[in-house]
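First comes the structure, then the notes that go with it.
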Amino acid sequence: MLALYVSSPIQKVKYVGQIEDVVPVREFTGIDDTLKQQNDGKYVIKLSEVVELEDAIPFGEGEANVRGMTYTTLSTLKEASTIDDL
């Protein structure tokens, strides 16, 4: 599973999706060759069953870092009232 944080102006975790596949950009068919070259070494995460959260999880007091990956559990995600809880 992957939870997606939407930055300005929303600043909330708004979507959750099931990870279907992770592929190198150079093997991804959804973009042109120029973008593949510019992003070589990066990966595309293909999601299925993406849902918009009814109650998006707001930013909180700013203790959490949303500039990188944060690992959590699905139960923690379900119970979080702010991103700081993740």
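The values are calculated or read from the model by the stated rules, or taken from the named source; none is laboratory data. Note that this is a predicted model, so its numbers are computed, not measured. As a convention, Cβ positions derive from the backbone with ideal geometry for all residues, glycine included, and neighbour counts pool all protein chains shown. The area values use the complete protein model at the heavy-atom level, side chains included, leaving out ligands, DNA and RNA. Shrake-Rupley method; radii C 1.70, N 1.55, O 1.52, S 1.80 Å.
Output the residue which, of all residues in region 1-48 that are more than 26 Å from residue 84 (Cα to Cα) and aromatic (Phe, Trp, Tyr), is most open to solvent (accessible area, probe 1.4 Å). Full working, then the answer.
Going residue by residue through region 1-48, those that are more than 26 Å from residue 84 (Cα to Cα) are 20-44, 46, 48.
Now restrict to residues that are aromatic (Phe, Trp, Tyr): 28, 43.
On the way: 28: 48, 43: 145 Å².
The residue in question is 43.
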Within region 27-55, track down each residue that is charged (D, E, K, R) and either touching an Asp or Glu at 6+ places or on another chain (Cβ under 6 Å) or in contact (Cβ under 8 Å) with a residue 60 or more places away in the chain (or both). 46
State all residues of region 49-67 that are closer than 14 Å to residue 13 by Cβ, open to solvent by less than 70 Å² (accessible area, probe 1.4 Å) and in a loop (DSSP other than H, G, I, E, B); if no residue qualifies, say none. 59, 60, 64, 66
Whichever residue in region 68-86 is open to solvent by 100 Å² or more (accessible area, probe 1.4 Å) and within 16 Å of the chain's Cα centre (by Cα) and, among such residues, is nearest to residue 16 (Cα to Cα): 78
